[in-house]
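The block underneath contains the structure these notes are about, expressed in structure tokens.
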Amino acid sequence: MPFPPLATAPVHGALRFRRVLAALACCACLPAMAQQAEPVQGPAEVDSPFAFHGQSTYIWQRKPSFGAAYSGANSLGTERAKSYSFSATLDLGLKLWQGAEFHFNPEATQGVPFSGLHGLGGLSNGELGKAASTNPVFYRARAFVRQTWGLGGGSEALEADFNQFARTVDQQRVVLTAGNFGVLDVFDQNEFGSDPRTQFMNWSFMTHGAFDYPADARGYSWGLSLEYIGDGWSARIGRFLQPLESNGLRLDTRMFEHYGDIIEVEKRYQLAGRPGTARLLWFRNKARMGAFSDAIGFGMANNTTPDVADVRREHAKSGVGVTLLQQVTDSLGMFARASLSDDKTETYAFTEIGRQVSAGGVLNGDAWGRARDALGVAVAINMLGPNHRNYLAAGGQGAFLGDGALRYGPEQILEIYYSFQPVKYLSMSPDFQYVRNPGYNRDRGPAKFYGVRFHGEF
């Protein structure tokens with residue numbers, strides 16, 4: 001989801017605006033605090049035909065300077081720099097007929113990325129895929145219908161949440177979601193590490209790194225998904241629109257010509273009396289994409305630097321991912337992911353990761369007497385396929401990468417955060433990230449990122 005380098009805002013204006021953002025992040029939580037103090041009216045919440053939720057997230061990061069033998073047009077800058085992002089989202093929900101609900105999410109974002117959002121496979125702030133403007137941008141994030149059909153097998157209570165009504169549903173059910181929403185709203189749900197607003201910030205932990213899931217530059221798409229949630233297992237399928245061009249904002253509406261298909265199978269189990277989940281995901285994207293080998297051949301034939309834009313034609317890209325989630329103790333939950341794509345064509349909607357293994361865990365604060373707090377630690381090893389490496393080594397530029405040369409090495413990432421939650425709906429999270437071989441280049445780095453996140457919701 002690349003964006004061009006941004007102009008720097010006036011210093012005094014930026015300082016004033018950051019103060020406003022901090023105030024907004026806190027104010028977003030005031031209704032939540034008031035709600036927490038009032039007696040809970042369970043039946044009224046369940047019976048209400050309307051839902052109203054909101055969130056606000058502000059992330060600030062600082063990158064110290066680091067060493068590099070050389071830099072290119074799409075490199076992570078070696079100089080000391082800072083970055084921020086701000087987002088505010090509303091969920092306006094409406095119950096329709098039996099088992100059906102509609103959700104509309106207006107969203108506003110603003111932010112400045114490091115180096116124009118270039119230079120890393122695992123970028124440091126998952127919110128900056130949505131925000132890359134020094135002025136607030138308002139848009140529709142989601143507008144979708146969800147229909148649930150019960151199949152029996154006992155009942156299950158769903159709590160009120162963002163884009164979800166409080167209701168009782170059958171444990172065995174079929175769920176259809178259609179409209180404007182995000183692929184990650186349905187697929188590869190990871191309770192321990194998939195939301196940069198409350199969990200790990202790095203893109204490497206948002207989902208499978210090699211999962212080039214269909215989405216516009218903000219991470220949303222139009223499409224439909226069908227889920228079967230059964231007794232101990234689930235299955236999901238979906239088809240979504242692809243962007244018109246690599247990591248673009250406009251979507252290609254030719255759903256039967258250019259699309260992203262996804263299939264996911266999930267098995268839930270018990271290990272030593274603790275719940276766990278295993279998932280297998282497969283995806284296939286169809287679009288006009290440039291192949292790395294074609295670009296290299298074209299560049300050699302014409303004595304030019306290879307460019308995937310010169311050789312775009314109809315291609316399909318496919319890949320697989322495996323996820324394991326395990327509750328280890330009452331306080332500790334862990335996850336592991338492994339993913340692989342063919343990595344023969346340009347990145348089209350997510351980030352430049354061709355293969356990946358990652359693992360992490362979240363320790364809840366009840367282990368030290370702060371039940372709302374959490375400590376998260378995760379590591380990722382991001383890799384590229386041989387064609388992708390050769391393209392970058394020959395001076396080619398991708399959506400996010402392009403140092404002008406490449407001495408390849410896997411990109412290795414460590415992230416640690418602590419979520420301090422004084423009340424239920426407000427958190428502050430210091431964060432640290434260490435990236436070895438940024439942009440898969442042994443001649444650059446390591447890079448470090450220090451940050452803090454403020455998140456409020458109601």
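Hey, among GLY360, GLY369, which residue is at pLDDT 95 or above and of a type outside the set (Phe, Trp, Tyr)?
Working: GLY369 fails: at pLDDT 95 or above.
Only one candidate passes the filter, namely GLY360.
Out of (1) crowded, with 24+ Cβ neighbours inside 10 Å; (2) under 17 Å from the mean Cα position of the chain (by Cα); (3) not in a strand (DSSP E or B), what's the single condition that is false for TYR391?
TYR391 satisfies every listed condition except (2).
Residues GLY354, GLY396: which one is crowded, with 18+ Cβ neighbours inside 10 Å and either without any contact (Cβ under 8 Å) to a residue 12 or more places away in the chain or within 19 Å of the chain's Cα centre (by Cα) (or both)?
Exactly one of GLY354, GLY396 is crowded, with 18+ Cβ neighbours inside 10 Å and either without any contact (Cβ under 8 Å) to a residue 12 or more places away in the chain or within 19 Å of the chain's Cα centre (by Cα) (or both), namely GLY354.
Quick check on my filter: what residues within the stretch 333-372 are closer than 16 Å to ARG279 by Cα and of a type in the set (D, E, K, R)?
ARG337
Of everything in the stretch 287-335, what is free of Cβ contacts under 8 Å to residues at least 24 places away in the same chain and more than 18 Å from GLN242 (Cα to Cα)? Give them in sequence order.
ASP294, GLY297, PHE298, MET300, ALA301, ASN302, ASN303, THR304, ASP310, VAL311
Considering only residues that are touching a strand residue (DSSP E or B) at 6+ places or on another chain (Cβ under 8 Å) and either buried (at least 16 other Cβ atoms within 10 Å of the Cβ) or assigned to a loop (DSSP other than H, G, I, E, B) (or both), which ones fall in the stretch 151-167?
LEU151, GLY152, GLY153, GLY154, ALA160, PHE162, ASN163, GLN164, PHE165, ALA166, ARG167
Please indicate, with yes or no, whether at least one residue in the stretch 243-252 is touching a residue at least 40 places away in the same chain (Cβ under 8 Å), small (Gly, Ala, Ser) and outside any strand (DSSP E or B).
Yes.
So that you can scan it fast, the table gives a plain yes or no per residue for (1) among the charged types (D, E, K, R); (2) more than 20 Å from PRO386 (Cα to Cα); (3) assigned to a helix (DSSP H, G or I):
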position	(1), (2), (3)
GLY297	no, no, yes
THR304	no, yes, no
ALA309	no, no, yes
ARG313	yes, yes, no
ALA316	no, no, no
LEU325	no, yes, no
MET334	no, yes, no
ARG337	yes, yes, no
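State yes or no: is TYR450 closer than 21 Å to ILE296 by Cβ and out of contact with any Cys (no Cβ under 6 Å at 6 or more places or on another chain)?
no
Name the single residue, out of those in the stretch 118-130 being at pLDDT 95 or above and of a type in the set (A, V, I, L, M, F, W, C), that is nearest to GLY72 (Cα to Cα).
So, considering only residues that are at pLDDT 95 or above and of a type in the set (A, V, I, L, M, F, W, C), the one nearest to GLY72 (Cα to Cα) is LEU120.
Report, by residue number, each residue of the stretch 211-257 that is farther than 19 Å from ASN180 by Cβ and among the β-branched types (Val, Ile, Thr).
Once the filter is applied, which keeps residues that are farther than 19 Å from ASN180 by Cβ and among the β-branched types (Val, Ile, Thr), the stretch 211-257 yields only ILE229.
Does LEU249 count as loosely packed, with under 15 Cβ neighbours inside 10 Å, within 24 Å of VAL308 (Cβ to Cβ), modelled with pLDDT under 95 and not hydroxyl-bearing (Ser, Thr, Tyr)?
yes
Just to verify a result, which residue in the stretch 218-237, among those that are in contact (Cβ under 8 Å) with a residue 60 or more places away in the chain and touching a Gly at 6+ places or on another chain (Cβ under 6 Å), is farthest from GLY116 (Cα to Cα)?
ASP231
Could you list all residues from the stretch 67-126 that are aromatic (Phe, Trp, Tyr), in a loop (DSSP other than H, G, I, E, B) and out of contact with any Asp or Glu (no Cβ under 8 Å at 6 or more places or on another chain)?
Across the stretch 67-126, the qualifying residue is only TRP97.
Can you name the residue in the stretch 357-375 that is crowded, with 20+ Cβ neighbours inside 10 Å and in contact with a Ser or Thr (Cβ under 7 Å, 6 or more places away or on another chain) and is also nearest to SER221 (Cα to Cα) among such residues?
Ranking the candidates gives SER358 first.
When only residues in the stretch 49-77 that are touching a residue at least 60 places away in the same chain (Cβ under 8 Å) and within 15 Å of TYR434 (Cα to Cα) count, which is surrounded by the fewest Cβ atoms within 10 Å (Cβ to Cβ)?
Among them, the one singled out is GLY67.
Can GLU159 be described as without any contact (Cβ under 8 Å) to a residue 12 or more places away in the chain and either more than 30 Å from PHE420 (Cβ to Cβ) or among the charged types (D, E, K, R) (or both)?
Spelling it out, GLU159 is indeed without any contact (Cβ under 8 Å) to a residue 12 or more places away in the chain and either more than 30 Å from PHE420 (Cβ to Cβ) or among the charged types (D, E, K, R) (or both).
Restricting to the stretch 173-196, name every residue that is at pLDDT below 95 and surrounded by fewer than 24 Cβ atoms within 10 Å (Cβ to Cβ).
From the stretch 173-196, those at pLDDT below 95 are 189-195; that's our starting set.
Correct list: GLN189, ASN190, GLU191, PHE192, SER194, ASP195.
Which of the residues that make up the stretch 411-443 are assigned to a loop (DSSP other than H, G, I, E, B) and either out of contact with any helix residue (DSSP H, G or I) (no Cβ under 8 Å at 6 or more places or on another chain) or surrounded by fewer than 18 Cβ atoms within 10 Å (Cβ to Cβ) (or both)?
LYS424, ASN437, ARG442, ASP443, listed by residue number.
Of the conditions (1) farther than 29 Å from TYR425 by Cβ; (2) more than 20 Å from the chain's Cα centre (by Cα); (3) part of a loop (DSSP other than H, G, I, E, B), PHE211 clears all except one; give me its number.
Unmet for PHE211, out of (1) farther than 29 Å from TYR425 by Cβ; (2) more than 20 Å from the chain's Cα centre (by Cα); (3) part of a loop (DSSP other than H, G, I, E, B): (2).
The values are calculated or read from the model by the stated rules, or taken from the named source; none is laboratory data. No experiment lies behind these values; they were computed from the predicted model shown. Counting neighbours? That spans all protein chains shown, and the Cβs are built from the backbone with ideal geometry, glycine included.
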